[in-house]
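Chemist: Let me give you the structure first, and then I'll get to my questions.
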Amino acid sequence: MKIEYASVKIAQKDTAKVKELIGGMVNSPYTIPLLRLRAAVLLSFMYASYKNTDALKAIASETSKDTVTSKYMAPFCEYLLLKDTNTETSLEKAMKAAAGLPTEPYALLLYARELTRSGKLLQADSLYQRLPQVLLTSPKILTEYAYLKMRIGKDDDAMNYISRLHSNKIFTKVSLELFRDLAFKKKMFEKADAAQKVLEQKFQDDVKLQWQGAMLTLNQGKVDSSIILFTALAQKYPSEEIFEIMRLTAILLKGDYQKVIDGCDKSTLGESSKANLFALKARAYRKLQKNDEAKKAYQDAVAAAKENKTELISEYAGYLIDLGEQSKAASIYQELVTSFEKKTTKKDSLALAVMLNNFAWATIQSENADSKAALGAAKKAYALQPNSVDILDTYATVLLKTGAYKECINLLKDNGALKKEPRMLVSLGQAYEKTGDKNRAVRAYKDALAFAEGTFRLPLQINNVKLSEHIGKLQE
């Protein structure tokens, strides 16, 4: 009974009571090995939670002398004392510790947390479900489990867990933030605003929370209110330059484009904000259709950016495509791809695929297009992200424009995207038509019309009427 009671006291953060209950059990010759082990696990977990390294080392030392429990406790203590921040190393050691203590919930909990940190969310979820209710329903653990549920798309479960805490008058900063974000996601804006107000009352000096409140207002489309909030924050915290940047961003969203330009020109913000100011000017000039000024502002923004230029450069290249300057855009994307390929890791594969895709698209649309380069980039992008419809669309377009009609047919005919994207069916129909197979082309076009009804997902240059007329000509 002492062990179970100690578990409850750990959840209640009553460390003194935990030590009183089980502190003497770890090395007591009068305590059976199973209870010595459980007491050691509980105390080790508690000491690790409070970063009491000395006490944790003492437990590790004591249990190492116990011929029965040492083989189980050694991996557990090794994990708890681990200072290596490498995720794979931590996960491996947590797994080893949990394997040695399969019936100890705190070992499972730590393993579940490492799985979550490693992005293995479904595996983590299954472990959390194995925890005893007294542990799972403790405020901190229930909150982290609710956050995990949100990450795997089970928002209703997450909301239920957090609501359970709040109905028992248990509020923490993390639980309120999670409730606010879930309520906003579910378009329960009044509840999201209420949670934000409670947070701001409880944590009045938290600048990040005030930022989140202003962003919550802006994301609800309350632009005028967000401008007031960001203006007040910029005045209150002049050293936090992001508030002034967001004030100007909100003004841009309101449509006061000249005011944004004037605000950027008069700004006294430091060098670290210059790139953001030039980017805001570029966007404002775009809205005013002052293309030369917009291009100049983009170039100034890229020049001012000290690091993390990729997104800004991509935005500029995308703007050039909108202006019909595909060759310039392709050249910019080529530089990005070359730079990114040198430093890409597995987790960056999506970003690289997007860049390759954009380069392929810009290149194939250019005059005197380098078909070989476009095709190579499209293939690489598709290999990295085969489930992306946009990347598939670019790949199919490049194959059509380079005359690789049979390859395009093989790519698309059994692809699952056909059932969701009429534009893919149009590309398939065009490939069949180019190979002289009019019957299959007509079937593909008709399927595209059937799927496209009400979805507006046909290619921009093709509408229902034009496609219907084309089908009629093929059937003559």
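The values are calculated or read from the model by the stated rules, or taken from the named source; none is laboratory data. Since we're looking at a predicted model, the values are computed, not measured. Here Cβ is always computed from backbone atoms with ideal geometry, including for glycine, and neighbour counts include all displayed protein chains.
Chemist: How many of the residues in segment 431-448 are in a helix (DSSP H, G or I) and touching a helix residue (DSSP H, G or I) at 6+ places or on another chain (Cβ under 6 Å)?
Modeler: Number of matching residues: 12.
Chemist: While we're on this one: Consider L392 carefully, then state whether it is touching a Ser or Thr at 6+ places or on another chain (Cβ under 6 Å), surrounded by 13 or more Cβ atoms within 10 Å (Cβ to Cβ) and in a helix (DSSP H, G or I).
Modeler: Criteria not met by L392.
Chemist: Let me ask another. Is there a residue in segment 115-129 that is aliphatic (A, V, I, L, M), under 22 Å from N52 (Cβ atoms) and in a helix (DSSP H, G or I)?
Modeler: No, every residue in segment 115-129 fails to be aliphatic (A, V, I, L, M), under 22 Å from N52 (Cβ atoms) and in a helix (DSSP H, G or I).
Chemist: Of all residues in segment 303-324 being surrounded by fewer than 18 Cβ atoms within 10 Å (Cβ to Cβ) and either acidic (D, E) or more than 23 Å from the chain's Cα centre (by Cα) (or both), which is farthest from A362 (Cα to Cα)?
Modeler: Step by step, filter segment 303-324, then rank; the result is K306.
Chemist: Check segment 93-115 and report whether any residue there is among the charged types (D, E, K, R) and loosely packed, with under 15 Cβ neighbours inside 10 Å.
Modeler: Checked against the condition, which is being among the charged types (D, E, K, R) and loosely packed, with under 15 Cβ neighbours inside 10 Å, segment 93-115 yields no hits at all.
Chemist: Is it true that N357 is within 23 Å of A383 (Cβ to Cβ) and modelled with pLDDT of 90 or more?
Modeler: Criteria met by N357.
Chemist: Just one of the numbered conditions (1) within 23 Å of L136 (Cβ to Cβ); (2) in a loop (DSSP other than H, G, I, E, B); (3) not small (G, A, S) is not true of L82; which one?
Modeler: Tallying (1) within 23 Å of L136 (Cβ to Cβ); (2) in a loop (DSSP other than H, G, I, E, B); (3) not small (G, A, S), L82 fails exactly one: (1).
Chemist: To continue, here is another question. Give me the residue from segment 404-426 that is in contact (Cβ under 8 Å) with a residue 24 or more places away in the chain and not in a helix (DSSP H, G or I) and, out of that set, surrounded by the fewest Cβ atoms within 10 Å (Cβ to Cβ).
Modeler: Taking the candidates together, the pick is K420.
Chemist: Kindly indicate whether S349 is more than 25 Å from A279 (Cα to Cα), part of a helix (DSSP H, G or I) and touching a residue at least 12 places away in the same chain (Cβ under 8 Å).
Modeler: Judged against the criteria, S349 is a match.
Chemist: Which count do you get for residues in segment 271-302 that are surrounded by fewer than 17 Cβ atoms within 10 Å (Cβ to Cβ), part of a helix (DSSP H, G or I) and not acidic (D, E)?
Modeler: Here the count works out to 5.
Chemist: Quick check on my filter: what residues within segment 324-348 are of a type in the set (S, T, Y) and at pLDDT below 80?
Modeler: Selection gives T344, T345.
Chemist: Among the residues of segment 101-145, how many are of a type in the set (D, E, K, R) and touching a helix residue (DSSP H, G or I) at 6+ places or on another chain (Cβ under 7 Å)?
Modeler: 5
Chemist: Just a yes or no: is a residue in segment 210-217 of a type in the set (A, V, I, L, M), modelled with pLDDT of 95 or more and more than 30 Å from L269 (Cα to Cα)?
Modeler: No, every residue in segment 210-217 fails to be of a type in the set (A, V, I, L, M), modelled with pLDDT of 95 or more and more than 30 Å from L269 (Cα to Cα).
Chemist: Also: Sort out which residues of segment 130-151 are in contact with a Pro (Cβ under 7 Å, 6 or more places away or on another chain), surrounded by 15 or more Cβ atoms within 10 Å (Cβ to Cβ) and either at pLDDT 95 or above or not in a helix (DSSP H, G or I) (or both), and write them in order of number.
Modeler: L131
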